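Beneath this line is the structure, given in structure tokens, with notes to follow.
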Amino acid sequence: MNRLTTEASLSEVHQSVDTTNLSKPKWRRILSYFGPAYLVSVGYMDPGNWATDLQGGSQFGYKLIWVLLMSNLMALLLQMLSARLGIVRGRDLAQANRETYPKSINFVLYLLAEVAIAATDLAEVLGMAIGIQLLTGMPLLWAVLITVFDTFLLLLLQRLGMRKMEAFIICLIAIIGISFLVEIILAKPNLSEVVTGFVPSIPNTQALFIATGIIGATIMPHNLYLHSALVQTRKISRSKSGIKRALKLNFIDSVVALNAAFFVNAAILILAAAVFFKAGRSDVAEIKEAHKLLNFFLGTHIAPILFAVALIAAGQSSTITGTLAGQIVMEGYLRIRINPWVRRLLTRVIAIIPAVLVIVVNGEENIDDLLVLSQVVLSLQLGFAIVPLIHFVSDKKTMGEFTIGPFVQVLSWCVTAVLVYLNLRMLYEKGGEYFAASDNVFWKLIILVSALLFVGLLAVTVFYPLWRRRPSGLSARVHKEQPSSLGATALPHYRKVAAALDFSERDENILAHAVAQAGEGATVILIHIVESVSAQMLEENSDDFETQKDKEKLEAYAEEIRKQNLNAETVLGFRYRTKEIARLVNESGADLLIIGAHGHRGVKDWLYGQTIDAVRHKLKIPVLIV
């Protein structure tokens, strides 16, 4: 875990895609802007959407298509605001929140964002697991546990670079789109009836619950954090024309990507309405049941296979972007970075626990209810992401001439009002049903307190930026700016320089740096760790061939050092590389350690160990890595 010292969002890929290179053809420079919205769009077609769309279509036919269209238009507006924040201010939503709200409020917003990401990942876990089960027939519990291993796929994609990751996601989107295009062709829905679904209506409380789930599944809080960071992977001209160009092309990118997501969601709902609702099967509320019945109603084995393949593709693509959002949220709010694989594994384990508990306790029957619940939880988080976002892009002090206009501001607040109203109405009606049916005073009190805290926090996020704005130039830096005073600082003079050697081609470079850093009369301490089988067992009592040769090699290096009019000492360590290097350096009294980078990464770090990080955490002296 490291405390961040950079303000760059997703710093490892920040401005990694250059859109300003004039040596490239114009069409390639234009295409280099496209990609972030596709990573965002996969969140709009994840397995959580499938559950809400299937329930909406099978229970109410085409009547809730208008909810999908409204959600998509709302999403387009909000994602453009998110992209604008990232492009103009160079801040993601979490960083902007940290600069604006007090620490206590930011911590609560951080926790809510993490809850939203966990709910998102829960949907991905269940969706992928169900898809795997449908294709292979294995028990759902085993399929859920298998989803842990997609951690390694994300790590591989991050190593390949941003454009490769985007290309992979686009391929998965294409698989989903083609699969449902074939499904729709096979289902042959009545288009005149489909059109009637665009007339707004909410038949009953259950429809409101599903509609809220559809909105939560479509407009996802983590996507607002994600988009504001992903647009910063593009290196753009910071001139007025350069920013305008970036905003325009990102708008096109978002329109294309989110319309693709709308097609997928509409296809799922229309498929459920045309196949199940029309056949009187309004009880089809589960993904597995829908998969089983597709073969019966459509009369082909292709339909259920395509359904399962698309489900796995949707889960895999969404889980990648969910992890990126988790990294953005943690770094933006807490200024803390942990290893990507740890962050990924942590997110996945948190998501797996409720899934495993539900399967173990209640079996596989209630999985789809858990999916819908996860989307409702997402919907409840929306206000806490949208309200600050609108404040930020409406602030002339920070956005300048790129502040959104009055019409867009009014439209954005109207969208927010609709979303908050639907959430409050759902809470009121569901809470009212529970209060009427239950005599449990404890849970009634919990629900009442939670509702009051929900409304109170929402009010704070709305009104705090209006009456107390921080200075426009405030930065998210961890440390205060200090004037440079190098002349007043004593320059270091190293009397003992330790050099950790591994007898590879890097040794020559390490020794050269040791000689360069050692002052007149200084001592260079040469360290090597013997890792033979004998050394592992006998440690300092080891006297095998490898130990003898290592002593000779180390002494030969020492003679070369002495020729430079420096003192040289040799020390052998045994068995544990990182512990021994740190121990020997501390015991020698060295005031500088020079160590060579091994040059491997990724999976090899797990196989061979990460020596440098482990050693430097055990020392209180400077470490020079060469």
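Derivation of every value follows stated rules applied to the coordinates shown; laboratory data play no part. This is a predicted model, so every value here is computed, not measured. Because the Cβ atoms are built from the backbone with ideal geometry, glycine has one as well, and the counts that use them run over all protein chains shown.
As a quick test, which of the pairs 26/396; 63/188; 24/244 have an alpha carbon distance above 29 angstrom in this structure? The answer is 26/396. Among 188-194, 500-506, the peptide with the highest mean count of other Cβ atoms within 10 Å heads the list, and the full ranking is 500-506, 188-194. Cross-link reach is defined here as a Cα-Cα straight distance under 21 Å, omitting same-chain residues fewer than 8 places apart; for residue 103 the lysines meeting it are 480. When the Cα centres of region 383-448 and region 179-202 are compared, how far apart do they sit, in Å? What the calculation gives is 31 Å, centre to centre.
Taking the number of Cβ atoms within 10 Å of each Cβ as an exposure proxy, the fewest-first ranking of 348, 281 is 281, 348. Here is the list for region 182-255: trypsin sites (Lys or Arg not before Pro) lying in DSSP coil, each with at most 13 other C-beta atoms within 10 angstrom of its C-beta, are 238. Among 394, 412, 450, 58, the ranking by other beta carbons within 10 Å of each residue's beta carbon, starting with the fewest, stands as 450, 394, 412, 58. Ordering 507, 439, 253 from the fewest to the most neighbouring beta carbons within 10 Å gives 439, 507, 253.
Label sites at residue 440 and residue 549, each approximated as a point 7 angstrom past Cα along Cα to Cβ, lie 7.0 nm apart.
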